[in-house]
Amino acid sequence: MQKVSLITKIFIAAVVVTGIAMLVNGMLHWKYSRPVELLGLMIMTVIASRLKVKLPGINGTMSVNVPYLLIVAIRLGAGEALAIAALAGLVQSISALKKRETFVQALFSSAAVTNSVAAAILAFNSASSHGWLGPLSVSAAGAAFFLANTIQIALVLWLAEGKKPLDAWRGMAQLSAPYYLLSAEVAAVVCMAVQFATWAEGLALLPIMYSIYASYKLYFAVPAAAERLQEANPIHQAGASAGSASVAIH
């Protein structure tokens with residue numbers, strides 16, 4: 001079994017520590033007065049986090065929770081948004097908590113999405129303070145989330161599996177960029193057109209996100225089946241790294 005290198009462990013630890021620091025800082029400034037909306041958005045984000053598809057060519061999955069993560073980043077306080085983000089990352093990886101290695105992967109996934117939501121909050125607040133229109137501010141938040149999330153994943157794939165970081169990032173971008181763009185547009189409609197992203201609007205999004213999940217799953221079914229057959233090949237197994245990282249791309 002190929003052991004995880006020291007630099008990979010350091011990078012994963014750095015991402016996890018940063019995520020924890022972001023979460024703790026947000027929790028210290030917890031301010032919210034609408035618990036029903038908070039609970040509703042949290043439940044729907046968790047549900048969306050469980051709707052995930054396996055991306056072909058990448059040792060990871062993608063869930064359809066990005067619109068909800070952007071909505072909570074924009075409409076809720078930093079503490080509430082980051083708490084939901086951390087929970088979403090864990091929930092997406094909950095089936096992987098049976099082993100020590102996969103538990104670390106779940107922690108990394110949770111921290112990565114927490115850091116990405118923190119980047120989205122910062123970008124939205126910065127854009128709004130500079131007088132950007134609402135939809136443009138949401139687009140800035142979506143772009144920040146996309147870059148923060150995919151760059152973290154590309155770097156860990158590079159360190160853990162030896163994939164070229166630019167190639168890994170480009171592969172993820174080609175597969176997920178249209179979904180991120182759609183997510184930003186959906187979040188902008190909910191947060192700006194409706195003015196207030198309530199649990200009712202979030203609930204109305206679930207059928208849409210499920211249809212996107214079903215479409216992605218159908219679209220990737222053939223490549224995923226071919227990938228499983230390749231992995232079952234003894235020659236492929238002999239050359240595969242037993243210490244490779246499985247990551248969640250939100």
Are any of the residues in region 37-45 part of a loop (DSSP other than H, G, I, E, B), buried (at least 18 other Cβ atoms within 10 Å of the Cβ) and modelled with pLDDT under 85?
no
Residue satisfying all of: in region 87-108; surrounded by 24 or more Cβ atoms within 10 Å (Cβ to Cβ) and modelled with pLDDT of 85 or more; farthest from ALA13 (Cα to Cα) among these
ALA88
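Given the criteria without any contact (Cβ under 8 Å) to a residue 24 or more places away in the chain, of a type in the set (Phe, Trp, Tyr) and assigned to a helix (DSSP H, G or I), does TRP158 qualify?
On the way: without any contact (Cβ under 8 Å) to a residue 24 or more places away in the chain: yes; of a type in the set (Phe, Trp, Tyr): yes; assigned to a helix (DSSP H, G or I): yes.
Yes: the conditions hold for TRP158.
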Name, by its number, the condition in (1) modelled with pLDDT of 80 or more; (2) more than 13 Å from the chain's Cα centre (by Cα); (3) over 27 Å from ILE43 (Cβ atoms); (4) of a type outside the set (D, E, K, R) that does not hold for ALA160.
(1)
Do we have any residue at all in region 136-156 that's buried (at least 18 other Cβ atoms within 10 Å of the Cβ) and at pLDDT below 85?
no
Checklist (1) surrounded by 17 or more Cβ atoms within 10 Å (Cβ to Cβ); (2) of a type outside the set (Asp, Glu); (3) modelled with pLDDT under 90; (4) part of a helix (DSSP H, G or I) applied to LEU69, failing item
(3)
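Report yes if some residue within region 128-141 is polar (S, T, N, Q) and under 13 Å from the mean Cα position of the chain (by Cα); otherwise report no.
From region 128-141, those polar (S, T, N, Q) are 128-129, 137, 139; that's our starting set.
If we keep only those that are under 13 Å from the mean Cα position of the chain (by Cα) too, we end up with none.
No: zero hits.
Go through ALA111, ALA120 for me and flag whichever is modelled with pLDDT of 85 or more, under 14 Å from TYR68 (Cβ atoms), touching a Leu at 6+ places or on another chain (Cβ under 9 Å) and assigned to a helix (DSSP H, G or I). Before the answer, list the steps.
Working: ALA111 fails: under 14 Å from TYR68 (Cβ atoms).
Just one listed residue meets the conditions, ALA120.
If only one of ALA197, ALA168 is crowded, with 17+ Cβ neighbours inside 10 Å, at pLDDT 70 or above and not aromatic (Phe, Trp, Tyr), which one is it? Step through it out loud before you land on a result.
Numbers: ALA197 fails: at pLDDT 70 or above.
Within the list ALA197, ALA168, the selection yields ALA168.
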For the structure I just gave you, tell me whether VAL24 is touching a residue at least 40 places away in the same chain (Cβ under 8 Å), on the phi < 0 side of the Ramachandran plot and surrounded by fewer than 19 Cβ atoms within 10 Å (Cβ to Cβ).
no
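The values are calculated or read from the model by the stated rules, or taken from the named source; none is laboratory data. If you're wondering where the values come from, they're calculated on a predicted model, not measured in any experiment. Using ideal geometry, Cβ is built from the backbone for each residue, glycine included, and neighbour counts are taken over all protein chains shown.
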